[in-house]
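The values are calculated or read from the model by the stated rules, or taken from the named source; none is laboratory data. What you see is a predicted model, and the numbers here were worked out from it, not measured in a lab. A quick note on method: Cβ atoms are made from the backbone with ideal geometry, for glycine too, and the neighbour counts reach across all protein chains shown.
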Amino acid sequence: MRRGVLPGSVACAVVSVLVASFALAGDGQEEKGGQDEAAMIAAWMKNAMPGEHHARLGAMAGKWKVVVKFWMAPGTEPQISEGDVTKKMILGGRFLQEDYSGMTPDGPFTGMGLTGYDNMQGKYIGMWVDTMMTSMMTSTGTCDASGKTFTFTGDYDDPLDGLRKKMRTVVTIINDKKHVEESYVTPPGGKEFKMIEVVYTRGTVAEFKVKELQVQNVLAIRATVSKEQIGAKIGELVPAVFGYVLSKGGQPSGPPFTRYHKAEGDRFEIEVGVPVVEPVAGEGRFETGTLPAGKAAVTLHIGPYEKIEKTHCALEDWMKSQGLTSAAAPWEVYWTDPNQEPDPSKLKTEIIWPVKPISVPVR
């Protein structure tokens, strides 16, 4: 069977509707012959076919690591987050679909976008939805003669102040391994400023980095377990800690964590807890405490928890290569709830290890 733009019966139905609409548009005039109908169908099929503009979008298909900078207002320090993006051409090369998954200072973030080229409008078109809004952002755009710079414009309703604002987004393809997306916002009666910068890098972003930590109030339970019991014990203690915090009127300020204090043979002393906005008084096995401020080496483990040991070892090796050593006990932060995400390959666990420079003996 010859493959058309649409599956057989659907295509016939659409063509029939189009032909009927043209006939009605004649307003009583004599129906045109089969040759005219064929020309109309040919014109419709030509409009539906992807071309060079769609091929330009296809250059951005693939798996990407991204670094995102977000400015709340002009002159402020940006919030920085990281994520993973998969872009692929769909519907026979007509649209570029983008699937984003990452973390922000407020927690996990996912989003999805579609970009295409409308042959009828002669413009690029785009839409975006994500987990931080219930509206859909749409835009239209152009591309320069080089095929490397796309410029999109559109309006959106800002949930922070309720105002409708203009957004201009420029996508610049640096090479086949990197492109940059910059979004500029113009508030009503105000001046345009850069709000978002997203740098896409194909498979070359460093997996490890050092960041500055702020002290965090926590409520936790300590336990000593064997290596094989760690996962089960964490699963047992996390709901107990959350329940205690809420029963005392406390407010969690982030996802749960496990800190590794001591290891003697096959026995580990662990601290399972949750960060809280204000200190919560301990009682019995529940202890109030803090996670320390200062520099820490961090990385993100994506996948089953049973395989996280290799990521711990890789982070420790990287620390040594950077002239760093442990300054305090490390901990894990569980950004994905396994009760909400049944696929272990999608679990995200951040490893945080306080560090200090390796001291060089004085001779």
In segment 56-90, anything farther than 27 Å from GLY190 by Cα and part of a loop (DSSP other than H, G, I, E, B) is listed as ALA59, MET60, ALA61
Determine which member of the set LEU237, LEU246 is without any contact (Cβ under 8 Å) to a residue 24 or more places away in the chain and not in a strand (DSSP E or B). LEU246
Quick count over segment 266-278, residues being more than 14 Å from SER226 (Cα to Cα) and surrounded by fewer than 19 Cβ atoms within 10 Å (Cβ to Cβ), is 2
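If you take the residues of segment 81-118 that are of a type in the set (S, T, N, Q) and at pLDDT 95 or above, which of them is nearest to ALA43 (Cα to Cα)?
Going residue by residue through segment 81-118, those that are of a type in the set (S, T, N, Q) are 81, 86, 97, 101, 104, 110, 115.
Still in the list and also at pLDDT 95 or above: 97, 115.
On the way: GLN97: 26, THR115: 23 Å.
In this case the residue turns out to be THR115.
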When segment 183-202 is checked residue by residue, the ones that are part of a strand (DSSP E or B), under 20 Å from ALA59 (Cα atoms) and either basic (Lys, Arg) or touching a His at 6+ places or on another chain (Cβ under 6 Å) (or both) are TYR200
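Go through segment 90-100 and give me each residue that's farther than 13 Å from HIS54 by Cβ and without any contact (Cβ under 8 Å) to a residue 24 or more places away in the chain. Write out each step before concluding.
Taking segment 90-100 as the starting set, the residues that turn out to be farther than 13 Å from HIS54 by Cβ are 98-100.
Result: GLU98, ASP99.
If only one of GLY265, GLY284, GLY254 is of a type in the set (Gly, Ala, Ser) and at pLDDT 95 or above, which one is it? Spell out how you get there, then give the answer.
Working: GLY265 fails: at pLDDT 95 or above; GLY254 fails: at pLDDT 95 or above.
Only one candidate passes the filter, namely GLY284.
Here is a check on your reading of the model: is TRP44 in a helix (DSSP H, G or I) and either over 19 Å from VAL199 (Cα atoms) or at pLDDT 90 or above (or both)? Outline the logic, then answer.
Working: in a helix (DSSP H, G or I): yes; either over 19 Å from VAL199 (Cα atoms) or at pLDDT 90 or above (or both): yes.
In short, yes.
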Filtering segment 232-260 for residues that are small (Gly, Ala, Ser), more than 21 Å from GLU283 (Cβ to Cβ) and buried (at least 16 other Cβ atoms within 10 Å of the Cβ) leaves a count of 1
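Tell me the residue from GLY102, GLY93, GLY147 that is touching a Pro at 6+ places or on another chain (Cβ under 8 Å), within 22 Å of LYS177 (Cα to Cα), in a loop (DSSP other than H, G, I, E, B) and not basic (Lys, Arg), please.
Sole residue among the options that is touching a Pro at 6+ places or on another chain (Cβ under 8 Å), within 22 Å of LYS177 (Cα to Cα), in a loop (DSSP other than H, G, I, E, B) and not basic (Lys, Arg): GLY93.
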From THR151, THR186, THR172, residue being over 21 Å from the mean Cα position of the chain (by Cα), at pLDDT 95 or above and hydroxyl-bearing (Ser, Thr, Tyr): THR151
Segment 285-342: strands (runs of 3 or more DSSP E) wholly inside it with 1 or more residues that are without any contact (Cβ under 8 Å) to a residue 60 or more places away in the chain are 294-302, 324-326
Checking ALA281, ALA263 in turn, the sole residue that is surrounded by fewer than 15 Cβ atoms within 10 Å (Cβ to Cβ) and in a strand (DSSP E or B) turns out to be ALA263
Of (1) of a type in the set (A, V, I, L, M, F, W, C); (2) assigned by TED's automatic domain parsing to the domain that holds PRO292; (3) out of contact with any helix residue (DSSP H, G or I) (no Cβ under 7 Å at 6 or more places or on another chain), LEU219 satisfies every one except (3)
